[in-house]
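Please treat every number below as a calculation from the coordinates, not as lab data. Remember, predicted model here, so these are calculated numbers, not experimental data. Please note: Cβ atoms are built from the backbone with ideal geometry, for glycine as well, and neighbour counts cover all protein chains shown.
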Amino acid sequence: MDDLAMVTAKELLMLRESCMQSIREGELYQLRNDAKLRAVNTTQSYDEFKDIVDAAHLRPITQKDKADAKTKSRLWNSAARQEY
């Protein structure tokens, strides 16, 4: 009976990953649902509504992101730098 009660480290890691995945999915669901509720009254078309919902998980770029050495050379807005 004692052998059945033992939990291995691998099982704990799998349980942790499963819980973390469930939390991430729940957070994404909540973000998308909130975006739907905001967008349903403000959008003019389904495409606009869909774009808002699809981008619900995105965060604005901060000054810290722009100044970070790892991302400093990244082209954040390629459309703004195109020459016509």
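Once the chain from Val40 to Val7 is taken as fully extended at 0.36 nm per residue, the excess over their C-alpha distance is 7.2 nm.
Among Arg16, Arg38, the ranking by other beta carbons within 10 Å of each residue's beta carbon, starting with the fewest, stands as Arg16, Arg38. Here the spin labels are modelled as points 7 Å beyond Cα on the Cα-Cβ line, and at Lys50 and Leu15 they lie 4.2 nm apart.
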